[in-house]
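Engineer: Encoded as structure tokens, here's the structure I'll be asking about.
The values are calculated or read from the model by the stated rules, or taken from the named source; none is laboratory data. It should be emphasised that the depicted structure is a prediction, and the values quoted were computed from it without experimental measurement. Don't worry about glycine lacking a Cβ; one is built from the backbone with ideal geometry, like all the others, and counts go over all protein chains shown. Remember, those area values only see protein heavy atoms, side chains included, never the ligands or the DNA or RNA. Shrake-Rupley method; radii C 1.70, N 1.55, O 1.52, S 1.80 Å.
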Amino acid sequence: MSQSGVDLAALLCSKLCHDLLSPVGAINNGLELLEDETDPEMRDRCLDLLADSARASADKLKYFRLAFGAAGGFGDDVDPAEAKQLVESLVGDQGKITLGWAVQSGTLPKKAIKILLNLALIAREALVRGGQLDVGAEQGDNGIEVVVRAEGPKIALDDGIRAALEGTLPQSELTARTAAAWMSRELSCENGGDLRVSPDSGTELLLGAIVA
């Protein structure tokens, strides 16, 4: 692996650790509360907290395993149903974000699924006040076309992430925050495709990629 590859892997690991810090910390807090709590009702609440935090941690690990890693257990092609379950866990069940799913049936190349998951993660994080997240993918004339659309009261896309998606961010300025966007563009371009991001409108974000 080249030095640039090592650096990217380290940054992706940093993002993974950052995103896992909250649910894992909640598990620790729940265990501490449970140790000292004697009231049956409060103990039940602690157990609920532990279960929710453990589920959130497992969901994030599954997501990052396929989005960032080599994803052992998956072949060169992946059933989009696997990706849909992961995106549903990303969106959550609190009703703040509605998911629209328009991905072709049948398997898709792993590289296309990785791009889809990373773009969905970026769009989800941009929906700071909730809204609609639409994910689509299909075989086109030039390769697999992946489209992710976020719409809500406020879209907040970090300038560094936008620059990484557009290919204008110097590699020397990569951070854990921009690594997923950088990797998505690299995966697209290395496989004969391209990645595009819509202009800043404040309420809508459109991300599109082609993987040949």
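Engineer: Six or more apart or on different chains, Cβ atoms under 6 Å: show the pairs whose first residue is in the stretch 30-55 and over 19 Å from residue 19 (Cβ atoms) and whose second is at pLDDT 85 or above and open to solvent by 70 Å² or more (accessible area, probe 1.4 Å).
Structural biologist: 37/43
Engineer: Just checking, which of 112, 126 is closer than 21 Å to residue 20 by Cα and surrounded by 14 or more Cβ atoms within 10 Å (Cβ to Cβ)?
Structural biologist: None of the others qualify; the one that does is 126.
Engineer: When both residues are 6+ apart or on different chains and their Cβ atoms are under 7 Å apart, which pairs have a first residue that lies in the stretch 180-197 and is more than 27 Å from residue 17 (Cα to Cα) and at pLDDT below 90, and a second that is surrounded by fewer than 21 Cβ atoms within 10 Å (Cβ to Cβ) and basic (Lys, Arg)?
Structural biologist: 191/111
Engineer: Continuing with this model, one more query. Which of the numbered conditions does residue 180 fail, given that it passes all the others? Conditions: (1) part of a loop (DSSP other than H, G, I, E, B); (2) closer than 20 Å to residue 68 by Cα.
Structural biologist: For residue 180, the exception is condition (1).
Engineer: The conditions are (1) within 23 Å of residue 194 (Cα to Cα); (2) crowded, with 19+ Cβ neighbours inside 10 Å, and residue 152 fails exactly one of them. Which is it?
Structural biologist: Status for residue 152: all satisfied but (1).
Engineer: Scan the stretch 129-146 for residues that are surrounded by fewer than 21 Cβ atoms within 10 Å (Cβ to Cβ) and within 21 Å of residue 68 (Cβ to Cβ) and report the count.
Structural biologist: 0
Engineer: From the list 46, 17, 13, exactly one residue is farther than 24 Å from residue 155 by Cα and touching a Phe, Trp or Tyr at 6+ places or on another chain (Cβ under 9 Å). Which is it?
Structural biologist: Every option except 13 fails the conditions.
Engineer: Could I ask something else about it? What are the residues in the stretch 186-212 that are over 15 Å from residue 132 (Cβ atoms), open to solvent by less than 60 Å² (accessible area, probe 1.4 Å) and in a strand (DSSP E or B), if any?
Structural biologist: If the condition is that a residue be over 15 Å from residue 132 (Cβ atoms), open to solvent by less than 60 Å² (accessible area, probe 1.4 Å) and in a strand (DSSP E or B), then 194, 195, 197, 208, 209, 210, 211 are the ones that fit.
Engineer: Could I ask something else about it? Which is of a type in the set (Gly, Ala, Ser) and either under 14 Å from the mean Cα position of the chain (by Cα) or under 23 Å from residue 11 (Cβ atoms) (or both), of 120, 81?
Structural biologist: None of the other options fit; the residue is 120.
Engineer: For residues that are of a type in the set (Ser, Thr, Tyr) and in contact with a Gly (Cβ under 9 Å, 6 or more places away or on another chain), scanning just the stretch 90-143, find the one that is farthest from residue 199 (Cα to Cα).
Structural biologist: Restricting to residues being of a type in the set (Ser, Thr, Tyr) and in contact with a Gly (Cβ under 9 Å, 6 or more places away or on another chain), the top hit is 107.
Engineer: Taking the stretch 81-90 on its own, how many of its residues are surrounded by fewer than 19 Cβ atoms within 10 Å (Cβ to Cβ) and in contact with a strand residue (DSSP E or B) (Cβ under 8 Å, 6 or more places away or on another chain)?
Structural biologist: Here the count works out to 2.
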